[in-house]
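In what follows, a structure is listed as structure tokens, so that the remarks can point back to it.
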Amino acid sequence: MATSARRAGTPVLAHALSAAERGLAVIPLSPRKLPALRSPHRADPAHPPCHGECGRFGHGVHDASADPARVRALFAAAPWATGYGIACGLPPHHLIGVDLDTKPGTDSPAALRALAARHGFTVPETVVVLTPSGGRHLWLTGPPDVAVPNSASRLAPGIDIRGAGGYLVGPGSRGTRGTYATARGTAHLRPAPCPPALLALLLPPPPR
Ligand SMILES: [Zn+2]
């Protein structure tokens, strides 16, 4: 962990700053894994759509930044944050999160292995984050010119995809059910490129 992170005021800020140092844009999250800062326009339903153009915080994943000064400012504005979200789909990594859930009656890791066998790809060695409920998040990178959409159980039951506009709960975050942590031996890996055959499954079908 770099000096700036060690000097951070709270443990979660230190983790968020470490992610930012890797080029990952982050936002503070509440214990319920939701953006910790509420919309400054929530009392004004007639306010035109704003993704942060107003200059204030509270625009969900649009607040995300890898700039340490902005990350500190975000967390100073949300001292109740216990976690952080990593925005997917942004440069330089164009992160894609493969969220292998543990829903009763589903075996999402087996479903991913079956997809890999059927479509001829190998799930690469990459950063894996273990969730408090026993799930796993695989971090992959995408090409800069494609926007991978978010999806829930579209690929297979229990496999959710975090793409453009989505976020992943970062390692070191605390939620109501426990702490997120990197799987042993994966913390310092570079997120691996998404295999092309898997990427093809994540993209919407071309318009007819
Ligand atoms: Zn705004």
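The values are calculated or read from the model by the stated rules, or taken from the named source; none is laboratory data. Keep in mind that what you see is a predicted model, and the values were worked out from it rather than measured. Virtual Cβ from ideal backbone geometry, glycine too; neighbours counted across all protein chains shown. Side chains are part of the model used for accessible areas, which takes the heavy atoms of the whole protein and leaves out ligands, DNA and RNA. Shrake-Rupley method; radii C 1.70, N 1.55, O 1.52, S 1.80 Å.
Laid out as a table, the results:
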quantity	calculated
Residue check for Thr102: assigned by TED's automatic domain parsing to the domain that holds Asp160, among the hydroxyl-bearing types (Ser, Thr, Tyr) and either touching a Ser or Thr at 6+ places or on another chain (Cβ under 6 Å) or surrounded by 14 or more Cβ atoms within 10 Å (Cβ to Cβ) (or both)	yes
Any chance Gly170 is touching a Pro at 6+ places or on another chain (Cβ under 8 Å) and either in contact (Cβ under 8 Å) with a residue 60 or more places away in the chain or farther than 27 Å from Leu29 by Cβ (or both)	no
In the range 69-89, the residues that are part of a loop (DSSP other than H, G, I, E, B) and either crowded, with 24+ Cβ neighbours inside 10 Å or under 17 Å from the mean Cα position of the chain (by Cα) (or both)	Ala81, Thr82, Cys88, Gly89
Subset of the range 17-27 that is over 20 Å from His51 (Cα atoms) and under 15 Å from the mean Cα position of the chain (by Cα) - its residue that is surrounded by the fewest Cβ atoms within 10 Å (Cβ to Cβ)	Gly23
Condition met for Leu37 (modelled with pLDDT of 95 or more and within 16 Å of the ligand (Cβ to nearest atom))	yes
Top-ranked residue in the range 28-59 [being open to solvent by 20 Å² or more (accessible area, probe 1.4 Å) and small (Gly, Ala, Ser); ranked as nearest to Tyr84 (Cα to Cα)]	Ser30
Long-range neighbours under 8 Å by Cβ, at least six apart or interchain, first residue assigned to a helix (DSSP H, G or I) within the range 50-64, second loosely packed, with under 14 Cβ neighbours inside 10 Å	His62/His51
Every residue from the range 42-80 that is over 14 Å from Leu17 (Cα atoms) and away from the ligand (no atom under 15 Å from the Cβ)	Ala78, Pro79, Trp80
Test: residue in the range 113-133 that is among the charged types (D, E, K, R) and in contact with a strand residue (DSSP E or B) (Cβ under 7 Å, 6 or more places away or on another chain)	yes
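This table checks each residue for (1) under 26 Å from Glu21 (Cβ atoms); (2) in the same structural domain as Leu29 (by TED's automatic domain parsing); (3) surrounded by 17 or more Cβ atoms within 10 Å (Cβ to Cβ).
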residue	(1), (2), (3)
Thr106	no, no, no
Ala116	no, no, no
Thr122	no, no, no
Pro149	no, no, no
Ser173	yes, no, yes
Ala187	yes, no, no
Cys194	yes, no, yes
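Here is a yes/no grid of residues against (1) within 24 Å of Ser65 (Cβ to Cβ); (2) in a loop (DSSP other than H, G, I, E, B); (3) of a type outside the set (Ser, Thr, Tyr):
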residue: Leu115; (1), (2), (3): no, no, yes
residue: Val146; (1), (2), (3): yes, yes, yes
residue: Asp160; (1), (2), (3): no, no, yes
residue: Thr186; (1), (2), (3): no, yes, no
residue: Leu189; (1), (2), (3): yes, yes, yes
